[in-house]
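Beneath this line is the structure, given in structure tokens, with notes to follow.
The values are calculated or read from the model by the stated rules, or taken from the named source; none is laboratory data. Because the structure is predicted, anything quoted here is derived from the model rather than measured. Every residue, glycine as well, gets a Cβ built from its backbone with ideal geometry; the counts of neighbours run over all protein chains shown.
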Amino acid sequence: MTRPTILGTGSYLPKRILTNRDLEKMVDTSDEWITTRTGIKSRRIATKGEETSRIAAAAGKDALKMAGLTPDEIDLIIVGTMTPEMAMPSCACFVQQELGAVNAFALDVNAACSGFVYGLDTADKYLRCKPDMKALIIGTENLSARVNWKDRDTCVLFGDGAGACVLATSDNNDSGILASRLFSDGRLSDLLMLDSAPSMNPDLNFQTKNNNKTEIGSEQGPYIRMKGKDVFKFAVRAMSGAVSELLATVDMTVADIDLLIPHQANIRILKGLADRLNIPFEKIFINLNKYGNTSAASVPIALDEANREGRLKKGDLLVLCAMGGGFTWGTTIIRW
Ligand code: COA
């Protein structure tokens, strides 16, 4: 059986580094608090010329180079992001333009921190219907533009970056995506939110607030808002449940995993995940200490690092999992 397979990976991290020590000068926090509560030591901050689509294209170029493909060979571009620089055109269309991928169609996926896993699953399904297609899947975020730098509860957690992979159907019977599954639960939407420009026209006098519904719009500005403890508990439960359930569908168990690349949100979430799955911590790839939570970019950046560091050998069983606002979550099982 031929399966969609990852031919190349890439990433781009903005040059500017913001350390916990730097944050001590900006809000009432400490390196000790951030390190013990989150595991994060520094994060990257995008500056001029490092807009969401630009860093996405840089990561995409990197992945294409590794795959040995030119941009005009790509049929589909999917970009996972919740911080596109514009609502229209999509970030994916900007990426297409920047790369010169003239034969592709391009779309954005907004699934917050699960954006890359959602994009990978979508591309997997396309390729199974049309095996000659080649897809570029990217996760990219400019979260520094969308956190409230006066809110210590959130500003210490996030960072900017982009990661990518090229997916194409392989003739190798063994390698490729073995299984993938996505989940959402919109009932939990108010636990993690990022305000955007209002989409209701005030001149039309719509009722925008309702006591029985989640209040949309923040008094403080268009920033990330979060109920941290609730998100934390759900993230551990959702990712561990999704991984073990999907493994069972391909007659495997956690013991078969060679490397688990989870969304890089918080070291304590990853320890909780390891405990619940009963997987040795060394089998979990971690780089959140360097980059913080880069949302949709976190899994593909980690995938690219793991790949370039030689952590993935041919035949290894790789599992990706992510969870984010919405709530959304999902997991992918790949034979490398
Ligand atoms: N520096 C210092 N103190 C801080 C702080 C910071 N950056 N942020 C919060 N605090 C304070 C709080 O105000 C609180 O003070 P109080 O006890 O006087 O009220 C105290 O630290 C403890 O806060 P609490 O919220 O109980 O901490 P916590 O152990 O739950 O850790 C998070 C907070 C945000 C690190 C944790 O809840 C978390 O990781 N949640 C998941 C977040 C996440 O990953 N979101 C994205 C998922 S995709």
Practice task
Would you confirm whether any residue within segment 39-47 is under 21 Å from the mean Cα position of the chain (by Cα) and at positive phi?
Solution key: yes
Handout entry: Residue tally, condition within 16 Å of the ligand (Cβ to nearest atom), in contact with a helix residue (DSSP H, G or I) (Cβ under 6 Å, 6 or more places away or on another chain) and closer than 22 Å to residue 263 by Cβ, over segment 145-162
Key = 6
Completion exercise
Filtering segment 127-162 for residues that are among the hydrophobic types (A, V, I, L, M, F, W, C), within 30 Å of residue 3 (Cβ to Cβ) and surrounded by fewer than 21 Cβ atoms within 10 Å (Cβ to Cβ) leaves a count of 2
Practice task
Filter segment 289-335 down to residues that are surrounded by fewer than 19 Cβ atoms within 10 Å (Cβ to Cβ) and part of a loop (DSSP other than H, G, I, E, B), then give me how many there are.
Solution key: 7
Exercise for the section: Looking only at segment 23-44, decide whether some residue is outside the structural domain of residue 265 (by TED's automatic domain parsing) and away from the ligand (no atom under 16 Å from the Cβ). Expected result: yes
Fill in the blank from the handout: All conditions in (1) under 29 Å from residue 17 (Cβ atoms); (2) surrounded by 24 or more Cβ atoms within 10 Å (Cβ to Cβ) are true of residue 45 except (2)
